[in-house]
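Take a look at the structure below.
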Amino acid sequence: MKQIAGTAHVLSAPLSPTRAVALLRRVLTPIMWRVGRTAVLNVPGWRTGAGRHVSLIPMERDGICYLVSMHGATDWVRNLRAAGRCELRRRSGTDAFTATEVDGSERDRVIADYLAKSPKPFKTDFNRRPGAADHPVFRMAPIE
């Protein structure tokens, strides 16, 4: 792990999903899209500025949208940290957001809720790196 000077971010190599999670993603993502739980995150790349996208399941808590990284500081996390803004495309349409990384008790509560609603294979994947600091969480605020 490596601390970035002047920030609270700790860099550790992101984990690849387990086979079970990778299979579930391939099978469940189209189903989750149809029922409206999955969103596509579109964020500018931190080096090129070119749009990058990834499917995620946003977490709603107390009327606030959060994004949780189950696999550490992945590419989308680094891109979102650098850009501070993104778009989420859902079945209902595309919305622009600003993203603020949260830590401490807010992050811990969001992660606990996320795990309570996640299927068992996702919890197993999460437990490969159980420290909350290894799972970045972003609070999403709509851009008016």
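The values are calculated or read from the model by the stated rules, or taken from the named source; none is laboratory data. This structure is a prediction, so every number in the text was calculated from the model and none was measured. We place every Cβ from the backbone using ideal geometry, glycine too, and count neighbours over all the protein chains shown.
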Condition first: touching a residue at least 24 places away in the same chain (Cβ under 8 Å) and surrounded by 13 or more Cβ atoms within 10 Å (Cβ to Cβ). Now tell me which residues in the range 109-125 satisfy that. R109, V110, I111, D113, Y114, P121, F122, T124, D125
Taking only the range 52-71 into account, find how many residues are of a type in the set (G, A, S), within 12 Å of the chain's Cα centre (by Cα) and more than 13 Å from I111 (Cα to Cα). 1
Qualifying positions in the range 57-75 - part of a strand (DSSP E or B) and β-branched (V, I, T): I64, V68
Test result for Y114, of a type in the set (S, T, Y), closer than 14 Å to P136 by Cβ and not in a strand (DSSP E or B): yes
When the range 76-93 is checked residue by residue, the ones that are assigned to a strand (DSSP E or B) and free of Cβ contacts under 8 Å to residues at least 24 places away in the same chain are G93
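Every residue, every condition in (1) over 14 Å from the mean Cα position of the chain (by Cα); (2) at pLDDT 95 or above; (3) under 16 Å from R61 (Cα atoms), yes or no:
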residue	(1), (2), (3)
R90	yes, no, no
E101	no, yes, yes
F122	no, no, no
D134	no, no, no
V137	no, yes, yes
A141	yes, yes, yes
Looking only at the range 14-65, and only at residues there that are β-branched (V, I, T) and modelled with pLDDT of 85 or more, the one that is surrounded by the fewest Cβ atoms within 10 Å (Cβ to Cβ): T48
